[in-house]
Structure formats: C-alpha cells, structure tokens
Amino acid sequence: MTDFKEINPSEISDNFIKLIGSDWMLITAGDHVHQNCMTASWGGVGAMWNYPVAVAVIRPQRYTFEFTEQQELMTLSFLGEEHRKALTYCGTHSGRDEDKIANAGLSVAFTESDTPAIAQARLVLECKKLYVADLKAENFLDKAIIERWYPEKDFHRAYVMQILKAYIKE
C-alpha cells in the first residue's frame, strides 16, 4: 500500500468509540477481481486472547457479507471527515448493483497479503477472522434492543478478528 506506513496496532492513539460510532468505518473484503465495502458504525477494538482485536458485525443480507464469509482477511478503513459523503454513499448503495467504491469517489489499494482496503483511508486495520457467531434473540438480556434494532429479526453476524497490521497514511 503506497502512501501508507505500517505501525504497531498498540501505537494507535485514536478514540475508537468516536472513530467507529461517529466517524464510521468501511469494512472491505474480496480479492483483486471482486471486492466490496460497506459503511459500519458498530464494532469495537481491544484485546482478546493475547491479540489486538477488532469486532465487526454484518447483517447476512448485506452484499459485503458474501465477501467476508469467503475470505479469511478483511480490512477496516477509517477516513477523514472530508470523505463523509463517500461513507454515506457506501452505506446507502449496494455493490450488487454498481461499482459502489468507484461511484463513491474512492479506490482500492491492496495490502501485502492482497487484502483490499480503501486507498483514501487515513488508518487501515488488516484483520484475520478468529471467531464468528450469529447474534441470537435469546441471548439479548435487554429485549428493547431487539425491538429497536431488529424488528425484522435480521440479526448480525459478529466477527472477532486479530489485527494483523495497522497502516497510517504518510
């Protein structure tokens, strides 16, 4: 990835609650021929099993879900506020119907492992899936979450992923 410098994930000083919840991220998966991304505002970053980890959740009906299921690796790309329109576009359009990444004014860069990422990102986390689980209604202790966020019972699949590499824009 040209224009990026690899750093240790523990050197990232960003506030991930803000970065994911307010600024949003793009989850990207695929290969050199086909890839897709989606905007996400739910997830987390921390430590688990002696790894730096990220957690991403994706609903099965999302086109990106197909790519994350097929691939072992995916990236989480964090863009600056100047790309808010692109983030909104990627969250409201489907890659099934168009070249969403290009139409959002973005382009793809590939990591050394050939994992697609968003070239305009200021921070990219390259992640390897470690654990996958579907959210289930019976596991929610606060049932109001189901009523508010899952009226169609279309629960997310959660991915706990090891952060293999972190890249910042130079």
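Here are a few things to note about the model shown:
- Scanning segment 121-138 for residues that are assigned to a loop (DSSP other than H, G, I, E, B) and either out of contact with any strand residue (DSSP E or B) (no Cβ under 8 Å at 6 or more places or on another chain) or of a type in the set (A, V, I, L, M, F, W, C) (or both) gives Ala121, Leu135, Lys136.
- Some residue of segment 50-57 being surrounded by 19 or more Cβ atoms within 10 Å (Cβ to Cβ), in contact with a Phe, Trp or Tyr (Cβ under 7 Å, 6 or more places away or on another chain) and modelled with pLDDT under 95: no
- Filtering segment 77-94 for residues that are within 24 Å of Glu112 (Cα to Cα) and either acidic (Asp, Glu) or in contact with a Pro (Cβ under 7 Å, 6 or more places away or on another chain) (or both) leaves an empty set.
- Looking at Gly44, Gly91, just one residue is free of Cβ contacts under 8 Å to residues at least 40 places away in the same chain and among the small types (Gly, Ala, Ser), and that residue is Gly44.
- Residue within segment 65-73 that is of a type in the set (A, V, I, L, M, F, W, C), surrounded by 15 or more Cβ atoms within 10 Å (Cβ to Cβ), in contact with a Lys or Arg (Cβ under 6 Å, 6 or more places away or on another chain) and not in a helix (DSSP H, G or I) present: yes
- Selection within segment 47-61 - part of a loop (DSSP other than H, G, I, E, B) and in contact (Cβ under 8 Å) with a residue 60 or more places away in the chain: Trp49, Arg59, Pro60, Gln61
The values are calculated or read from the model by the stated rules, or taken from the named source; none is laboratory data. Since the model is a prediction, treat every value here as computed from it, not as a measurement. Note that we place each Cβ from the backbone using ideal geometry, even for glycine, and neighbour counts take in every protein chain shown.
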